[in-house]
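Worksheet: the structure to be examined is printed underneath.
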2 protein chains.
Amino acid sequence: MPTFAKLAQQYSRALLDDVIPFWMRHSADREHGGYFTCLARDGSVYDTDKFLWLQARQVWTFSMLCNRLTKRDEWLQFARQGAEFLARHGRDGEGDWYFSLTRDGRPLVQPYNIFSDCFAAMAFSQYALAAKDEPAREIAGRTYRNILRRKDQPKGRYTKAVPGTRPMVSLALPMILANLTLELEWLLEPAVFNQAVDTCLKEVFTLFLDEKTQVLREQVAPDGSHLDCFEGRVLNPGHGIEAMWFIMDIAERRNDRSLMERAVDIVLQTLELGWDKQLGGIFYFLDAQGHPPQQLEWDQKLWWVHIETLVALLKGYGLTGRKTCWTWFERVHEYTWKHFPDPKYGEWFGYLNRSGEVLLPLKGGKWKGCFHIPRGLYLCMRELEKLAAASADRQAVRQPGAWPAGKKSTGGLSRKKKGQS
Amino acid sequence: MPTFAKLAQQYSRALLDDVIPFWMRHSADREHGGYFTCLARDGSVYDTDKFLWLQARQVWTFSMLCNRLTKRDEWLQFARQGAEFLARHGRDGEGDWYFSLTRDGRPLVQPYNIFSDCFAAMAFSQYALAAKDEPAREIAGRTYRNILRRKDQPKGRYTKAVPGTRPMVSLALPMILANLTLELEWLLEPAVFNQAVDTCLKEVFTLFLDEKTQVLREQVAPDGSHLDCFEGRVLNPGHGIEAMWFIMDIAERRNDRSLMERAVDIVLQTLELGWDKQLGGIFYFLDAQGHPPQQLEWDQKLWWVHIETLVALLKGYGLTGRKTCWTWFERVHEYTWKHFPDPKYGEWFGYLNRSGEVLLPLKGGKWKGCFHIPRGLYLCMRELEKLAAASADRQAVRQPGAWPAGKKSTGGLSRKKKGQS
């Protein structure tokens with residue numbers, strides 16, 4: 001394995017010389033604003049519909065790079081082009097965010113999906129910081145309050161569940177709220193921030209964590225008990241692992257060592273379960289009892305699952321120094337770099353079949369946009385830079401990130417945060 | 001290739017010695033009524049939820065066998081056990097059919113899906129005939145009228161589309177109405193029957209058929225124009241082929257030779273497009289313009305696609321005598337029998353990956369039940385028996401099903417229908 005510094009360079013180059021230029025080259029809709037996200041292998045546009053998740057996430061990515069890496073004018077311009085389109089066309093009369101729009105911004109699919117609102121809040125928060133834009137800050141704050149108001153009935157009138165028969169809650173919402181709340185900390189009252197984080201932590205660990213297996217369930221009964229039905233049995237390893245790096249961020253923010261160790265335990269358990277021991281890569285869906293999952297795509301290998309796992313393993317290693325994190329990082333890194341990047345046209349493939357062959361050659365679509373790969377590359381780069389610096393500092397005397405005896409040491413959790421990463 | 005008679009025996013044995021006994025052995029819920037449809041490879045029950053589509057389709061299958069093959073008491077009993085469960089628990093206050101119920105019949109998912117109603121109408125119509133049950137006939141008639149009332153807004157209040165932006169109609173509804181109307185002919189006024197069939201034919205051919213490619217679209221604008229979006233570009237070869245044997249039934253019923261030839265043309269064109277020339281089998285989804293489809297399962301090989309294609313090819317061959325139908329039948333027959341039947345535990349696998357390996361070992365689930373395989377085996381058996389009989393009668397002087405010069409000859413379309421198949 002190359003040194004930390006060499007690895008940091010690998011992630012940095014992929015981000016800055018490949019992925020970001022690819023999206024800048026191909027995704028701008030200069031006529032109507034916003035972005036094209038449906039990009040074929042060579043970057044050509046094959047569909048012009050605008051999906052709120054992906055528009056917002058791309059605004060977030062370019063704003064985040066301005067805020068955390070370098071304030072480049074072209075990045076800020078690129079973020080603005082999405083933010084203005086979204087501010088103009090993205091919401092219905094109640095301030096809820098549509099799911100999709102036509103190319104010119106007419107609403108196609110109703111705001112049935114609260115995650116559109118979550119990604120919009122993230123986008124406008126980062127953009128407000130990058131552009132010092134007060135209206136954007138207001139949109140972020142209003143959307144966040146709207147999410148908290150809607151969160152107990154996230155599907156609203158679009159829910160198909162008959163009330164009362166089998167009440168069910170989903171990991172997705174507390175998981176994304178954990179990340180969103182950290183993202184929006186700068187514009188929230190400290191009391192609101194702390195309460196939101198406490199609620200997320202409580203829900204994730206008391207409701208969704210299966211104590212026996214140490215793996216997260218995707219859906220449980222409101223009291224945390226397991227439901228023996230398709231939705232209750234489904235496991236989504238990538239989702240669980242991504243949730244855990246959100247929790248690691250909270251653990252680092254709160255300097256909470258036991259929370260960090262717990263998150264790392266769950267990541268490692270989830271990988272043990274989710275890794276395809278026969279053909280490599282991480283499965284998309286599994287059934288907690290080993291029954292056939294209802295998702296026909298269960299055995300596919302997806303871009304976001306792998307890059308989010310790399311982030312979680314590097315954060316886990318950097319903050320706890322546990323060897324197992326590094327061993328797994330090496331394994332997942334090797335699989336990921338061998339299968340996902342496209343050597344011919346740049347950027348990464350999104351969907352591989354179980355054997356690791358390209359299933360869909362797209363670079364972007366209805367669900368894959370300019371988000372997980374650049375975010376993951378950026379975060380891995382940062383973690384690797386910290387490891388490289390720590391390794392140089394310590395001259396191999398201490399393990400990177402090994403927990404100090406005292407709670408307020410300079411190593412481990414209490415290390416200086418750089419650029420909010 | 002074996003003789004017609006030998007082939008008929010192969011389909012008949014699979015139906016009567018394997019598939020039907022498998023479902024009788026494993027799927028009865030003796031405690032609460034209705035059926036278990038989530039059956040593992042060995043037939044063991046892994047989930048007890050009751051999905052309306054599958055409950056109704058199983059009632060239909062056992063009732064149909066009583067009506068068209070032999071009136072066996074155990075089959076009628078088995079049909080009754082589903083019909084009574086559905087009559088008791090299946091509908092909401094407005095007579096709309098839920099999408100799913102708990103094992104003991106409490107409603108889980110609202111009646112957002114009009115196909116639940118379609119399959120319920122088919123089920124109660126066949127069951128009413130088999131059991132000479134007047135209340136069942138009433139349920140079938142009322143449900144059918146309900147479907148006609150709802151058909152222009154099939155998702156009702158559950159629709160997520162913003163009205164007006166991109167109006168879209170789906171092939172699925174006229175397609176199933178074509179089949180349903182033939183099924184229910186015995187209890188409909190002739191005027192209602194004829195009008196419903198005319199409407200289906202008009203919609204299928206003027207709206208959904210792409211004249212240029214001679215392949216059906218799944219979704220189009222209300223004026224039949226093509227929509228350049230994921231839903232507008234998607235092709236579902238199995239669906240198009242199944243629709244065409246419904247149309248062949250209408251052509252046979254109406255003694256309409258040109259309609260029959262047209263349906264056969266579409267089946268053959270769809271196969272040319274949908275057949276996996278590299279690995280064999282028929283793809284699940286394709287994009288009309290060759291773009292990446294949004295369905296991640298696009299390259300999988302599904303049980304219903306293959307058995308419905310066998311039905312369409314045999315009907316097409318029997319009724320037009322076109323050689324290409326037989327050549328394709330041989331190819332699809334070979335693929336199907338090599339990959340789908342489970343030699344160890346019986347019944348057929350449902351989901352194969354592109355290479356033809358088993359993707360999910362289930363025999364039944366949320367979508368696969370006791371329906372396509374037994375219906376298809378039964379229909380193929382009948383077509384093959386007719387071909388065997390014709391072949392014996394004609395002593396190889398005429399091609400089977402070759403069109404006579406006159407319209408009212410005894411060959412081809414106007415052949416005697418047996419048992420309503």
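The values are calculated or read from the model by the stated rules, or taken from the named source; none is laboratory data. Predicted, not measured: the structure shown is a model, and the values here were computed from it. Neighbour counts are summed over all protein chains in view; Cβ atoms, including those assigned to glycine, are modelled from backbone coordinates with ideal geometry. What goes into the accessible areas is simple: the full protein's heavy atoms, side chains included, and nothing from ligands, DNA or RNA. Shrake-Rupley method; radii C 1.70, N 1.55, O 1.52, S 1.80 Å.
What the table below lists for this structure:
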{"read-out": "Unmet criterion (only one of (1) touching a residue at least 12 places away in the same chain (Cβ under 8 Å); (2) over 26 Å from A:Arg150 (Cα atoms); (3) open to solvent by 20 Å² or more (accessible area, probe 1.4 Å)) for A:Glu252", "value": "(3)"}
{"read-out": "Out of A:Gly238, A:Gly232, sole residue that is touching a helix residue (DSSP H, G or I) at 6+ places or on another chain (Cβ under 7 Å), outside any strand (DSSP E or B), modelled with pLDDT of 95 or more and not hydrophobic (A, V, I, L, M, F, W, C)", "value": "A:Gly238"}
{"read-out": "Cβ pairs under 8 Å, 6+ apart, first in the stretch B:349-372 and more than 11 Å from chain A (Cβ to nearest Cβ), second of a type in the set (Ser, Thr, Tyr)", "value": "B:Gly356/B:Tyr335; B:Gly369/B:Tyr35; B:Gly369/B:Thr37; B:Cys370/B:Ser27; B:Cys370/B:Tyr35; B:Cys370/B:Thr37; B:Cys370/B:Thr61; B:Phe371/B:Thr61"}
{"read-out": "Residue identified as open to solvent by 10 Å² or more (accessible area, probe 1.4 Å), out of contact with any Leu (no Cβ under 6 Å at 6 or more places or on another chain) and touching a residue at least 12 places away in the same chain (Cβ under 8 Å) among B:Arg68, B:Arg72", "value": "B:Arg68"}
{"read-out": "A:Thr213 vs. criteria of a type in the set (S, T, N, Q) and in a helix (DSSP H, G or I)", "value": "no"}
{"read-out": "Condition check for A:Thr213: surrounded by 20 or more Cβ atoms within 10 Å (Cβ to Cβ) and among the hydroxyl-bearing types (Ser, Thr, Tyr)", "value": "no"}
{"read-out": "Qualifying residue in the stretch B:164-173 (condition: away from chain A (no Cβ under 14 Å), without any contact (Cβ under 8 Å) to a residue 12 or more places away in the chain and open to solvent by 50 Å² or more (accessible area, probe 1.4 Å))", "value": "no"}
{"read-out": "Flag if A:Pro222 is surrounded by fewer than 22 Cβ atoms within 10 Å (Cβ to Cβ), in contact (Cβ under 8 Å) with a residue 40 or more places away in the chain and not basic (Lys, Arg)", "value": "yes"}
{"read-out": "Some residue of the stretch A:294-303 being in a helix (DSSP H, G or I), more than 21 Å from A:Pro374 (Cα to Cα) and over 22 Å from the mean Cα position of the chain (by Cα)", "value": "no"}
{"read-out": "When residues of the stretch B:336-358 are limited to those that are out of contact with any Leu (no Cβ under 9 Å at 6 or more places or on another chain) and open to solvent by 20 Å² or more (accessible area, probe 1.4 Å), the one nearest to B:Ala388 (Cα to Cα)", "value": "B:Trp337"}
{"read-out": "A:Ala140 open to solvent by less than 10 Å² (accessible area, probe 1.4 Å) and modelled with pLDDT under 95", "value": "no"}
{"read-out": "Boolean, B:Lys301 is surrounded by 19 or more Cβ atoms within 10 Å (Cβ to Cβ), within 14 Å of chain A (Cβ to nearest Cβ) and touching a His at 6+ places or on another chain (Cβ under 8 Å)", "value": "yes"}
{"read-out": "For A:Arg103: the one exception among (1) open to solvent by 10 Å² or more (accessible area, probe 1.4 Å); (2) out of contact with any Ser or Thr (no Cβ under 8 Å at 6 or more places or on another chain)", "value": "(2)"}
{"read-out": "Number of the condition not met by A:Tyr158 [criteria: (1) open to solvent by less than 30 Å² (accessible area, probe 1.4 Å); (2) within 21 Å of A:Phe115 (Cα to Cα); (3) within 23 Å of the chain's Cα centre (by Cα)]", "value": "(3)"}
{"read-out": "Selection count where residues are within 14 Å of chain B (Cβ to nearest Cβ) and without any contact (Cβ under 8 Å) to a residue 60 or more places away in the chain, scope the stretch A:255-282", "value": "1"}
{"read-out": "Qualifying residue in the stretch A:311-321 (condition: away from chain B (no Cβ under 14 Å) and free of Cβ contacts under 8 Å to residues at least 60 places away in the same chain)", "value": "yes"}
{"read-out": "Criterion violated by B:Arg13 - all others in (1) farther than 25 Å from A:Gln294 by Cβ; (2) surrounded by 17 or more Cβ atoms within 10 Å (Cβ to Cβ) satisfied", "value": "(2)"}
{"read-out": "Matching residues in the stretch B:1-10 - criterion: being hydrophobic (A, V, I, L, M, F, W, C) and surrounded by fewer than 16 Cβ atoms within 10 Å (Cβ to Cβ)", "value": "B:Met1, B:Ala5"}
{"read-out": "Verdict on B:Ile247 being in contact with an Asp or Glu (Cβ under 9 Å, 6 or more places away or on another chain), β-branched (Val, Ile, Thr), under 16 Å from B:Glu308 (Cα atoms) and open to solvent by less than 40 Å² (accessible area, probe 1.4 Å)", "value": "no"}
{"read-out": "Among the candidates B:Arg157, B:Arg217, B:Arg150, residue that is within 14 Å of chain A (Cβ to nearest Cβ) and either in contact with a Lys or Arg (Cβ under 6 Å, 6 or more places away or on another chain) or under 30 Å from B:Gln294 (Cβ atoms) (or both)", "value": "B:Arg157"}
{"read-out": "Any chance B:Tyr11 is closer than 30 Å to B:Arg394 by Cβ and among the aromatic types (Phe, Trp, Tyr)", "value": "yes"}
{"read-out": "Filter result (open to solvent by 70 Å² or more (accessible area, probe 1.4 Å), closer than 11 Å to B:Gly224 by Cβ and of a type outside the set (Val, Ile, Thr)) within the stretch B:191-210", "value": "B:Lys202"}
{"read-out": "Search result, residues across the stretch A:283-299 that are out of contact with any Pro (no Cβ under 7 Å at 6 or more places or on another chain) and touching a residue at least 12 places away in the same chain (Cβ under 8 Å)", "value": "A:Tyr284, A:Ala288, A:Gln289, A:His291, A:Pro293, A:Gln294, A:Gln295, A:Glu297, A:Trp298, A:Asp299"}
{"read-out": "Qualifying residue in the stretch B:257-280 (condition: in contact with a strand residue (DSSP E or B) (Cβ under 6 Å, 6 or more places away or on another chain) and surrounded by 24 or more Cβ atoms within 10 Å (Cβ to Cβ))", "value": "yes"}
{"read-out": "Subset tally (residues that are open to solvent by less than 10 Å² (accessible area, probe 1.4 Å) and either within 10 Å of A:Lys363 (Cα to Cα) or over 23 Å from the mean Cα position of the chain (by Cα) (or both)) for the stretch A:24-56", "value": "6"}
{"read-out": "Selected residue (only one of A:His333, A:His306, A:His291 is open to solvent by 40 Å² or more (accessible area, probe 1.4 Å) and either touching a helix residue (DSSP H, G or I) at 6+ places or on another chain (Cβ under 9 Å) or assigned to a helix (DSSP H, G or I) (or both))", "value": "A:His291"}
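Conditions tested, residue by residue: (1) within 14 Å of chain A (Cβ to nearest Cβ); (2) under 22 Å from the mean Cα position of the chain (by Cα).
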{"site": "B:Ala191", "(1), (2)": "no, no"}
{"site": "B:Ala196", "(1), (2)": "no, yes"}
{"site": "B:Thr199", "(1), (2)": "no, yes"}
{"site": "B:Lys212", "(1), (2)": "no, no"}
{"site": "B:Ala221", "(1), (2)": "yes, no"}
{"site": "B:His226", "(1), (2)": "yes, no"}
{"site": "B:Cys229", "(1), (2)": "yes, no"}
{"site": "B:Gly232", "(1), (2)": "yes, no"}
